[in-house]
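One structure is given below, encoded as structure tokens.
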Amino acid sequence: MNTNVNQALLLVPDLLRALAAAPASSSFLTPSIDSILNSIAALILAGEAGYEGLQALNDQIKAMIAANRDPTQEEWDALKARSDAAHAVLQASTPS
Amino acid sequence: MLRSHRFFMPGFASVFAVMFAFTLVTVSCIPGCKMNPVSTAQTLDQKAYAVYGTFVVMEESAAGLKRDPNVAPQVKLKLVAADARAKPSADALLRALRDYDAATLALKAGDGTASQLSIATANLNTWIAQATADVDALVTAVHGVSTR
């Protein structure tokens, strides 16, 4: 965990430097967020791995916005359970 | 509980939170990303959910690829490594969100301070950024396999 905290803190000066250097009127993008958006956009355009899952997630968030609410604890728990299950498959020592 | 309190001065945290919120709003203007959950989300909680949810979707895709006998072992190792890197920061994002929610409730109840909420907000934004970077690596790994 300390390693991750340090990694996160190392990110802050870079973000601040980049933000400070950006013209006020520019559509500045944090490099990491820009990168993930580009990757996700490529997935969406290609209709490949994760497409249906991302579409379902997007619809779920749209429903939250329509209902003027944030994610519930049950929704967070369900997401965490899915992550733990996939993580267990990926980190299993025996090849699948 | 608020792990970053030694590193953020209250003023710094507020400025950082506002600037990061600005970048989150700005990214929603990218053409072609209208279906992106991160840009669809509006509140900080929804943004965190979108980042974590994207991680879960890609993690499940990676798990499916690991089961695929047509995927080379060395490629599977890259997927496993990307997941191992992203999972801790994604889970740290959940803990930071709980801290943020607790600080928000405490402030509303009169038990907390604006400074505490500011620190929790900065901490959450930091983990959103870190998790986003790590999820990006996982997305790239999964996408690299699925487009072969």
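Table for the structure above
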read-out	value
Hits in segment B:55-84 (condition: open to solvent by 60 Å² or more (accessible area, probe 1.4 Å) and not in a helix (DSSP H, G or I))	B:69, B:70
Residue list for segment B:104-117, restricted to those being over 16 Å from residue B:43 (Cα atoms) and touching a helix residue (DSSP H, G or I) at 6+ places or on another chain (Cβ under 6 Å)	B:107, B:112, B:115, B:116
Every residue from segment B:40-52 that is crowded, with 24+ Cβ neighbours inside 10 Å, in a helix (DSSP H, G or I) and more than 9 Å from the chain's Cα centre (by Cα)	none
Qualifying residue in segment B:99-118 (condition: surrounded by 17 or more Cβ atoms within 10 Å (Cβ to Cβ), assigned to a helix (DSSP H, G or I) and touching a Phe, Trp or Tyr at 6+ places or on another chain (Cβ under 9 Å))	yes
Residue match in segment B:63-75 (condition: closer than 15 Å to residue B:136 by Cβ and modelled with pLDDT of 85 or more)	no
Any pair with Cβ under 6 angstrom, 6 or more apart, that starts in segment B:128-148 at a residue that is among the small types (Gly, Ala, Ser) and open to solvent by 10 Å² or more (accessible area, probe 1.4 Å) and ends at one that is modelled with pLDDT under 80 and part of a helix (DSSP H, G or I)	B:133/A:32
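The values are calculated or read from the model by the stated rules, or taken from the named source; none is laboratory data. None of the values given here were measured: they were computed from a predicted structure. Note that each Cβ is placed from the backbone with ideal geometry, even for glycine, and that neighbours are counted across all protein chains shown. What goes into the accessible areas is simple: the full protein's heavy atoms, side chains included, and nothing from ligands, DNA or RNA. Shrake-Rupley method; radii C 1.70, N 1.55, O 1.52, S 1.80 Å.
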